Amino acid sequence: MHLVRAALYKHMTDCGDATGSSAPLVSLYIQYKKSFPEMDAFVERSIAHYDLELVKRGGPMKQGLQSFKESYPEIQGIFVGTRRDDPYGDKLQFFSPTDPDWPQFMRVNPILDWTFDDVWGFMRQAGVPYCCLYDQGYTSLGDVDSTTRNPALLKNGKYQPAWTLANGELERSGRSTPSGTAGSSSAASGIPIPIREARCAGTANGSCSPGSED
């Protein structure tokens, strides 16, 4: 979301709008039945911080996106924070349509080639807000019942922050269910943003990619 807002600002100013302002982005939060209160609170803060229009839908991801599509049929694409090292990410390109049996969107994957370390390096250097759970030993967030602190971050009896994880391949070590079973919001994955002609709209994403569910 931070990158999308920056790109929109540059586009608007390059087009002659001195303020760089644009219409609020529509942000879809596909929410677990038992989501972390800290994540819900972070989403609400992000809505205000980035000037978003929040749309909430229940999971799993596929049904949530279908409901969103029915409510916003004019939205043709979504920005997604998926990386190649995420589940199913190695099958994606920077522009990848959803699978035929999914609600039809063009997935735009601007950080596809970023690594776990790239994400955290950028966020910390740029001061990008993130959910406080990442300071408490979590590296990947699902629902409350399937998510624990990452055991790789336990040092001398204390869990370290997510960005100290030495091996990015262990990012999902605290998840007990595969990605794609439901949707959630994740600071590391970013917030998908559907595009509405020259304006943007958006979705809060889960760790899976729309159109890649088993």
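The values are calculated or read from the model by the stated rules, or taken from the named source; none is laboratory data. This is a predicted model, so every value here is computed, not measured. We place every Cβ from the backbone using ideal geometry, glycine too, and count neighbours over all the protein chains shown. These area figures cover heavy atoms from the full protein model, side chains too; ligands, DNA and RNA do not enter into them. Shrake-Rupley method; radii C 1.70, N 1.55, O 1.52, S 1.80 Å.
Using protein chains only and a probe of 1.4 angstrom, how many square angstrom of residue 80 are accessible, to the nearest 10?
Per-residue accessible area (residue 80): approximately 0 Å².
What number comes out for accessible area per residue over segment 37-178 if the probe is 1.4 Å? Units Å², please.
Solvent-accessible surface per residue comes out at 51 Å².
Straight-line reach only, C-alpha to C-alpha below 27 angstrom: list the lysines that residue 56 could link to, leaving out same-chain residues fewer than 8 apart.
Of all the lysines, those that pass the test against residue 56 - Cα under 27 Å, at least 8 places apart if same chain - are 33, 34, 69.
Determine the dipole magnitude for segment 1-90: charges of +1 sit on the beta-carbon of Lys and Arg, -1 on that of Asp and Glu, nothing else is charged, the reference point is the Cα centre, and the result goes in debye to the nearest 20.
Charge dipole of segment 1-90: 300 debye, to the nearest 20.
Summing +1 for each Lys or Arg and -1 for each Asp or Glu, what net charge is found among the other residues whose Cβ lies under 13 Å from the Cβ of residue 140?
Neighbour charge sum, excluding residue 140 itself: -1.
Leaving ligands and nucleic acids out of the surface, order 138, 9 by accessible area at 1.4 Å, largest first.
Descending order: 9, 138.
So what are the ³J(HN,Hα) numbers for segment 60-72, from phi and the Karplus equation (6.51, -1.76, 1.60; θ = phi - 60°), rounded to whole Hz, Gly and Pro as x?
Each residue's phi maps through the Karplus curve to give x, 3, 4, 5, x, 5, 5, 4, 5, 4, 5, 7, 10 Hz.
Where the only charges are on Cβ atoms (+1 Lys, Arg; -1 Asp, Glu), what is the dipole of segment 1-153 about its Cα centre, to the nearest 20 debye?
160
For 172, 84, 107, give the ranking by accessible area with the largest first, probe 1.4 Å.
Descending accessible area places them as 84, 172, 107.
Can you find, among 11, 102, 144, the residue farthest towards the positive end of the dipole of segment 1-158? Put +1 on the C-beta of Lys and Arg, -1 on that of Asp and Glu.
The Cα lying farthest towards the positive end belongs to 144.
Within the accessible area of segment 119-180, what % is carbon and sulfur when the probe is 1.4 Å and the other protein chains stay in place?
Here carbon and sulfur together make up 49 percent of the probe-accessible area.
Tell me which residues come under 5 Å, amide H to amide H, from residue 115 once H is placed; ignore anything under 5 positions away on its chain.
none
Which net charge results for the neighbourhood of residue 159, defined as the other residues with beta-carbon distances under 11 angstrom from its beta-carbon, given Lys and Arg at +1 and Asp and Glu at -1?
Local charge sum for residue 159: +2.
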